[in-house]
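To start, the structure itself, in structure tokens.
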Amino acid sequence: MKIAASIWLTLVVAALVAMANFSNTPGDTRAAPDQWPAPSQIALDSKLPTLIMFAHPHCPCTQASVGELEVLMANCPGRLNVHVVFVQPVGTTEDWVKTDLWRRVATIPGVTLHRDDKGVEAQRFRAETSGDTVLYNPQGNLLFAGGITISRGHSGDNPGRTAIETILTKGLPSEVKTPVFGCSLFGTECRAPGASSNP
């Protein structure tokens with residue numbers, strides 16, 4: 001009995017450690033362009049900073065990112081122009097994109113939704129992971145790149161959202177970067193890079 005209990009406890013601890021490691025492992029990232037990509041079909045606001053969040057429509061981790069976006073919009077009303085871009089991989093239909101996550105974003109006042117066929121816009125901005133967020137000033141200079149959650153699927157105060165709020169309300173002297181926690185943007189199945197199951 002003691003041996004069985006010991007084995008069970010070891011397995012539970014190992015599972016908890018694995019979950020913690022997974023939750024705190026960021027997704028793949030590339031450096032966002034320092035200047036707004038000229039070919040982009042998303043409009044750069046000439047008066048307000050423009051924020052873009054790239055999302056995989058089936059990523060459960062991105063629910064937390066969207067929640068943080070809702071908080072950001074509530075805390076900084078009228079201070080930025082926001083777009084959420086849902087990547088649609090090759091071979092999927094328009095309906096594949098329009099998930100509960102899409103519908104949730106559609107209810108956020110002041111946010112423009114986009115369907116990104118074949119991930120063209122995501123590639124222009126070098127986004128790799130769902131939840132990847134960039135902020136540019138009206139002159140097209142990069143102010144922020146990264147995620148706005150502290151770990152996978154975790155809501156609450158975090159360096160990314162705090163940095164954006166500070167940029168919008170007080171200004172910051174230099175560009176800010178944070179890790180992104182979510183699934184790879186370009187697969188039809190929502191999986192974190194190198195993972196074998198959904199987050």
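So in segment 112-143, with the set limited to residues that are of a type in the set (Val, Ile, Thr) and under 18 Å from Thr62 (Cβ atoms), which one is most open to solvent (accessible area, probe 1.4 Å)?
Keep residues of segment 112-143 that are of a type in the set (Val, Ile, Thr), which gives 112, 120, 129, 133-134.
Filter once more, keeping what is under 18 Å from Thr62 (Cβ atoms): 112, 129, 133-134.
On the way: Thr112: 59, Thr129: 0, Thr133: 0, Val134: 4 Å².
So, considering only residues that are of a type in the set (Val, Ile, Thr) and under 18 Å from Thr62 (Cβ atoms), the one most open to solvent (accessible area, probe 1.4 Å) is Thr112.
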With (1) part of a loop (DSSP other than H, G, I, E, B); (2) of a type outside the set (S, T, N, Q); (3) touching a residue at least 40 places away in the same chain (Cβ under 8 Å) as the list, and His114 as the residue in question, which single condition is left unmet? (1)
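Please pick out the residue among Gly171, Gly160 that is among the small types (Gly, Ala, Ser) and surrounded by 21 or more Cβ atoms within 10 Å (Cβ to Cβ). Show your work before the answer.
Values: Gly171 fails: surrounded by 21 or more Cβ atoms within 10 Å (Cβ to Cβ).
Within the list Gly171, Gly160, the selection yields Gly160.
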Could you check how many residues of segment 75-98 are of a type outside the set (D, E, K, R) and over 18 Å from the mean Cα position of the chain (by Cα)? 9
Residues of segment 75-95 being open to solvent by 50 Å² or more (accessible area, probe 1.4 Å) and assigned to a loop (DSSP other than H, G, I, E, B), which ones? Pro77, Gly78, Arg79, Val90, Gly91, Thr93
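Does Gly153 satisfy being among the small types (Gly, Ala, Ser), crowded, with 24+ Cβ neighbours inside 10 Å, modelled with pLDDT under 95 and part of a loop (DSSP other than H, G, I, E, B)? Break it down stepwise before answering.
Details: among the small types (Gly, Ala, Ser): yes; crowded, with 24+ Cβ neighbours inside 10 Å: no; modelled with pLDDT under 95: yes; part of a loop (DSSP other than H, G, I, E, B): yes.
Taking the combined requirement at face value, the residue does not satisfy it.
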Tell me which residues, restricted to segment 96-111, are open to solvent by 60 Å² or more (accessible area, probe 1.4 Å) and among the polar types (S, T, N, Q). Thr107
Flagged in segment 156-184 as modelled with pLDDT of 85 or more, in contact with a Leu (Cβ under 9 Å, 6 or more places away or on another chain) and not hydroxyl-bearing (Ser, Thr, Tyr), in numbering order, are Arg161, Ala163, Ile164, Glu165, Ile167, Leu168, Val176
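The values are calculated or read from the model by the stated rules, or taken from the named source; none is laboratory data. Note that this is a predicted model, so its numbers are computed, not measured. All Cβ positions, glycine included, derive from the backbone under ideal geometry; neighbour counts span all protein chains shown. Side chains included, ligands, DNA and RNA excluded: accessible areas come from the protein's heavy atoms. Shrake-Rupley method; radii C 1.70, N 1.55, O 1.52, S 1.80 Å.
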